[in-house]
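Comments concern the structure below.
The values are calculated or read from the model by the stated rules, or taken from the named source; none is laboratory data. These numbers were taken from a predicted model, which means no experiment stands behind them. For neighbour counting, all protein chains shown are included, and Cβ atoms are generated from backbone atoms with ideal geometry for every residue, glycine included.
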Amino acid sequence: MASESSSSSGAVVTDRRGIPAAQFVEDVRTYLSQLQLDVQSALAFLQERLQQYKLVEMKLLAQQRDLQAKIPDIKKCLDIVATLQAKKEAATGEPLVADFEISEGIYSRARIEETDSVCLWLGANVMLDYSYEEVTDIFKENSLELFSPFLIQFWNKGH
């Protein structure tokens, strides 16, 4: 993350994204003399910096919304894998009958025979075959990796 610097040193500190850290201005005269700017130029500089922070905030909020929209799909996938695994462990010998959505509002019925693995669509015309344990681990690890920055932010706000 960002390393700390005092506002008197004048050093610009950036975080891992290259975003300059905001400086706390204790004394306006000292701040203006350090930057060698007049009041109008300093205000314009600070307004520009504020717009940069707002842009970064908008991008992070959009990323957070996109990731939160994926949570139900991830939970649904984990539930499906758990159902298939439970069906396998029950060893009834009967296939699992499931209705699945082909496209919006169009469903089809499938008979799913007992199997030891599932295929995970990775995108870009790539699909891999994983065991139930592997796919569960993959989903949990990737979910934690994707959502941990937002979970940390959520808990830091006192929720």
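Of the numbered criteria (1) exposed (fewer than 10 other Cβ atoms within 10 Å of the Cβ); (2) modelled with pLDDT of 85 or more; (3) within 23 Å of the chain's Cα centre (by Cα), the one Asp137 fails is (1).
Here Gln64 fits the description: in contact with a Phe, Trp or Tyr (Cβ under 6 Å, 6 or more places away or on another chain) and either farther than 29 Å from Leu144 by Cβ or in contact (Cβ under 8 Å) with a residue 12 or more places away in the chain (or both).
In the set (1) touching a strand residue (DSSP E or B) at 6+ places or on another chain (Cβ under 8 Å); (2) among the hydrophobic types (A, V, I, L, M, F, W, C); (3) over 27 Å from Leu67 (Cα atoms); (4) modelled with pLDDT under 85, the condition left unmet by Leu120 is number (3).
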